[in-house]
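Shown next, in structure tokens, is the structure this report addresses.
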Amino acid sequence: MLVKIMAKKHLILGSAIALAAAAFVTKKSHPEIHKKQNVFNCKLKNGYKLQISFVDRSIAHIVYYRGKSPSVLPTTMKNERVQTGGDQTVATGKLDQKETLEFIQNDLHMPFDLLIDSDFYYIQSYQVGLMIKKKTGMIYFFRTSDNYLFMIQNPPVFENGQVVNTLEVMDSKPRYFGGGMQNGRYDHTGQILKIENQNDWLDRGVSSPSPFVWSTAGFGILNHTFGKGEYNLTNPKKITFSFSDQKSDNYYLIESEPEQILRSYFDLTGAPLVLPKFAWYPAHLNAYNRDTWVQVSADSSGARKFEDGQYYKEYQPLNSKSFNTKRPDKIKIKGKMFVPSIRGTGEVTFIKDEDGELITKQESLNGEKDNYQFSARQIIKRYQENDMPLGWFVPNDGYGAGYGQTQDLDQNIRNLKEFSDFAAAQGVKTGLWTQENLHPKNPQKPRADERDLAKEVGVANIAALKTDVAWVGSGYQAGYGALVDIAHYMKEFGHNERPFALTLDGWAGTQKYAAVWTGDQRGGTWENIGYQIPTYLGSALSGVSNVGSDLDGIYGGGKPIIQTRDLQWKAFTPLILNMDGWGSENKTPFSFGGIYTEINRFYLKLKSELLPYFNSLSYENIHFGQPIISPVTLDSNLQLIKQPDLAHEFLVGENILVAPIYEDTQMDPDGNDVRHGIYLPDSNATWIDFFTGDEYEGHQVLNNFAAPLWKIPLFIKKGAILPVNNPNNNIAEIDQELQKFVICPDKFVSMMEAFDDDGVSNAYQVGEYITTDVSCKQKSDRIVVTIEPTMGNFAGFQPNKRTILLIKVVQEPSKVLVNGQEVSSYQYEAQHEMETFSSELPAIKNGSWVTVEIDQHDICEKSQVIEILN
């Protein structure tokens, strides 16, 4: 085999190394190398073996090993003790931990050039150059665009089942991100970053690790392993990473911008899931098939008031699968032993019937046993009565809970279908929680308490699966394999609906199958809000933007101000989980009534309006690597007089900035407070307070920012173009004949590509979607908005729509033109009053706006040009 030597000079280590003129070298003269099918293999003088390939223009795959050639699959954890964090439920679901699955989906081998001299191998692909020292295997990385040396990899050290790599980084101030969902942090510069499955949901724990780390120095690293490891980033210019493995198997993603690195990561491991539209709405989760409610006095501990005006306390039957056999305060109901569903202390006074028996009602999904007020159906009705958005419902989220009360699995699945059909008629999708294996051991003779995912999806129309630590708590290859299994069955039996899972204990590649939530936390504390914000950001910067958590935690709660503040910021994130049945209070947005319910409704309605914007951000995420939510800046060295609080604010796309109220700064008894440390990025930008219309210049820090209980600090960037919906409570209420944009003009031309699809199927992956380009420019005498013809199509798309534009202005217009013709169909408001859906909230007036409405037309036919003249 002949290896052609490049005729080119490269600048490495600051000096010119002249490569030989064009020549040919035979394999005979270099027996230590082998180049076949665009893979470079060599044996180094230190005995190590090295394998290099390029799977993309900017991605190098480098494997060091000893002995025989290793498996092409990632190494799996063997006999690893599962970290439980003291939780007895973790990894009890008997999930298969042995199967090895590949999380890399791109196995292309790009061509490269090779040159050899007495000391080095020189390899060059399109964007990456490598210089490998023959004696040691040390690798010098450089960019081919400017021949800049940016990193040096020292040969790995193999010791006691660990492989340790050391990188020297040339950038003067590199910063590091990634690593998956690391609780309470997103910037790992100067820290030890654990890449291991900890099942620890609290601050500084690891909820969902990923062996993917990247740097502002222009590279990312994906460790091709299921072994646990860590990154030592305490010296940012000389980092080490170690993993439990017998080989050093890593992908290096060489790009200059963070979005490009994330996009390369998606090329390797799979594009993120675009959430089905229902998932952007709140979910309600609880168990409605297991427990019995016992009538008690109003002052009893744990008493809840129901529609019949009576008070009841929830009890669950003793069951090893419910992990409750050692729980105190047991009582006997009809010959069976029960314990309180919510642990706690306090006196309970039972109300008894004329015969001295306890008055009890067993809950169910459909209320078919004269128990409707204790049914899952009644919960949906309560959301409707409170005019509260609800997108999906998980009715079996509790240990030992199923979805039917017969002795036949097929009958129980039919019971589940009855509920699913009812929920669908209300615009709500149904999901299921997973405690253990999803398939019967003997499909011919299934037990009534087993699961059958194929029938749950195919017969009962289940649209979502939520995993639990009991099932996926062992993490690594087992947790990843569970998602592959879910996706397979949902694709196979799911009536062409988009597979959707919600998980934790993830790994690289999780993003293509699932959203991730932060785990089981205790509500009712400011600390819970405080560390969740950077947790979300760290996940998004690790390639998993589809993130969420339980409203006010799964446990605890009971403090309405904190619950309301928690919901406010989560309304601008992908998922909100109303995880009921585990806390000291009901976990719904209307649990506390009064002003708290009114505020929560206002923010959830606002989220429903923003669904087209969120959906467009998902499109940008999968195609361009732009996270849905992100830190306001990656640079913590801003050299500002006032101290910014960067870990507790975030951008939604590039145009919305959210600064949550996450602590008691100087709060009054009604919850009114101020927020310090709000950094508004970009010195060329202007940010608008969304609730007042006040404007603030970028690159400054705001302190003492007024935040009455109803208000979260929320800013819209000048130049923003936001596609929005009519306010609604679920996907069935979206006006399909409306195209609407909220626009904040700027002196610079701004543009937005709005994306939409059916929101249900995977057809978007094969091009079945629409995009609409919208631009805006504020000139000296007018504002010009151009809406280009919508491109594309999808099943159910209705091109005939009316168009509404809500445009921020500084004064009343002299006239409005649509396609050059003056129109009178516009409304100017000197102080636009926002719809609050409440009579208790104060009037929210956010400055001068003009509303322009264009009658129904085919949005695919021609451009619409709207001019607002001063």
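Looking at A732, A720, A763, which one is among the small types (G, A, S) and under 22 Å from I868 (Cβ atoms)? Testing whether each residue is among the small types (G, A, S) and under 22 Å from I868 (Cβ atoms) leaves just A720. Scanning the range 766-790 for residues that are under 30 Å from A487 (Cα atoms) and either of a type in the set (A, V, I, L, M) or modelled with pLDDT under 95 (or both) turns up V766, I770.
From the list V469, V457, V394, the lone residue that is in contact with a strand residue (DSSP E or B) (Cβ under 8 Å, 6 or more places away or on another chain) and β-branched (V, I, T) is V394.
For (1) in contact with a Phe, Trp or Tyr (Cβ under 7 Å, 6 or more places away or on another chain); (2) on the phi > 0 side of the Ramachandran plot; (3) at pLDDT below 95; (4) not assigned by TED's automatic domain parsing to the domain that holds F741, each residue gets a yes or a no:
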site	(1), (2), (3), (4)
I562	yes, no, no, yes
Q568	yes, no, no, yes
P574	yes, no, no, yes
N578	no, no, no, yes
N586	no, no, yes, yes
F590	no, no, no, yes
T597	yes, no, no, yes
R601	yes, no, no, yes
K605	yes, no, no, yes
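Looking only at residues of the range 576-601 that are buried (at least 22 other Cβ atoms within 10 Å of the Cβ) and hydrophobic (A, V, I, L, M, F, W, C), we find that the one that is nearest to the chain's Cα centre (by Cα) is I576.
Scan the range 143-156 and tell me whether some residue there is among the charged types (D, E, K, R) and farther than 18 Å from I33 by Cα. Yes: the range 143-156 contains one or more residues that are among the charged types (D, E, K, R) and farther than 18 Å from I33 by Cα.
Among the residues of the range 300-325, count how many are within 36 Å of the chain's Cα centre (by Cα), under 17 Å from S591 (Cα atoms) and not in a loop (DSSP other than H, G, I, E, B). Qualifying residue count, the range 300-325: 4.
Those residues that are more than 29 Å from K512 (Cβ to Cβ), outside any helix (DSSP H, G or I) and either among the aliphatic types (A, V, I, L, M) or out of contact with any Leu (no Cβ under 9 Å at 6 or more places or on another chain) (or both), I need them from the range 575-598; list them, please. Listed by number, the residues that qualify are W582, G583, S584, E585, N586, F590, S591, F592, G593.
I want to confirm something. Restricting to the range 99-124 and keeping residues that are free of Cβ contacts under 8 Å to residues at least 24 places away in the same chain and assigned to a loop (DSSP other than H, G, I, E, B), which single residue is surrounded by the fewest Cβ atoms within 10 Å (Cβ to Cβ)? Filtering the range 99-124 for residues that are free of Cβ contacts under 8 Å to residues at least 24 places away in the same chain and assigned to a loop (DSSP other than H, G, I, E, B), the one surrounded by the fewest Cβ atoms within 10 Å (Cβ to Cβ) comes out as S118. The residue that is nearest to the chain's Cα centre (by Cα), counting only those in the range 408-460 that are under 27 Å from P282 (Cβ atoms) and basic (K, R), is K429. Scanning the range 810-838 for residues that are more than 30 Å from T597 (Cα to Cα) and of a type in the set (D, E) yields E812, E822.
Here is a yes/no grid of residues against (1) in contact (Cβ under 8 Å) with a residue 60 or more places away in the chain; (2) within 20 Å of G538 (Cβ to Cβ); (3) touching a strand residue (DSSP E or B) at 6+ places or on another chain (Cβ under 9 Å); (4) among the acidic types (D, E):
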residue: G625; (1), (2), (3), (4): yes, yes, no, no
residue: V632; (1), (2), (3), (4): no, yes, yes, no
residue: S636; (1), (2), (3), (4): yes, yes, no, no
residue: L640; (1), (2), (3), (4): yes, no, yes, no
residue: Q643; (1), (2), (3), (4): no, no, yes, no
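In the set (1) among the aromatic types (F, W, Y); (2) in contact with a strand residue (DSSP E or B) (Cβ under 6 Å, 6 or more places away or on another chain); (3) outside any strand (DSSP E or B), F715 fails one condition alone, (3).
Answer with yes or no whether K808 is free of Cβ contacts under 8 Å to residues at least 40 places away in the same chain, buried (at least 16 other Cβ atoms within 10 Å of the Cβ) and farther than 30 Å from N496 by Cα. No, not satisfied. Test S375 against the stated conditions and say whether it is without any contact (Cβ under 8 Å) to a residue 60 or more places away in the chain and at negative phi. When the stated conditions are applied, S375 does not pass them.
Go through A423, A401 for me and flag whichever is among the hydrophobic types (A, V, I, L, M, F, W, C), assigned by TED's automatic domain parsing to the domain that holds W517, in contact with a Pro (Cβ under 9 Å, 6 or more places away or on another chain) and modelled with pLDDT under 95. The unique qualifying residue is A401. Contact map, the range 841-870: first residue free of Cβ contacts under 8 Å to residues at least 24 places away in the same chain and in the same structural domain as M791 (by TED's automatic domain parsing), second residue of a type outside the set (A, V, I, L, M) and surrounded by fewer than 19 Cβ atoms within 10 Å (Cβ to Cβ), Cβ cut-off under 6 Å, separation 6 or more or different chains; pairs are A843/E833. A720 passes every criterion in (1) buried (at least 22 other Cβ atoms within 10 Å of the Cβ); (2) modelled with pLDDT under 95 apart from (2).
Close contacts from the range 428-450, counting a first residue that is on the phi < 0 side of the Ramachandran plot and among the basic types (K, R) and a second that is assigned to a strand (DSSP E or B) and surrounded by 14 or more Cβ atoms within 10 Å (Cβ to Cβ), with Cβ to Cβ under 6 Å and a gap of 6+ residues or different chains, come to K429/W392. Of the residues making up the range 399-427, those that are among the polar types (S, T, N, Q) and either buried (at least 20 other Cβ atoms within 10 Å of the Cβ) or not in a loop (DSSP other than H, G, I, E, B) (or both) are Q411, N412, N415, S420. When S297 is tested against (1) surrounded by fewer than 15 Cβ atoms within 10 Å (Cβ to Cβ); (2) polar (S, T, N, Q); (3) closer than 18 Å to D580 by Cβ, exactly one condition is not met: (3).
From the list F572, F614, the lone residue that is under 23 Å from F837 (Cα atoms), aromatic (F, W, Y) and not in a helix (DSSP H, G or I) is F572. Restricting V742, V701, V774 to residues that are part of a strand (DSSP E or B), farther than 30 Å from L640 by Cα and over 26 Å from the mean Cα position of the chain (by Cα) narrows the list to V774.
In the set I854, I866, only one residue is hydrophobic (A, V, I, L, M, F, W, C) and either in a loop (DSSP other than H, G, I, E, B) or touching a Lys or Arg at 6+ places or on another chain (Cβ under 9 Å) (or both); that residue is I854.
The values are calculated or read from the model by the stated rules, or taken from the named source; none is laboratory data. Computed from a predicted structure; not experimentally measured. Using ideal geometry, Cβ is built from the backbone for each residue, glycine included, and neighbour counts are taken over all protein chains shown.
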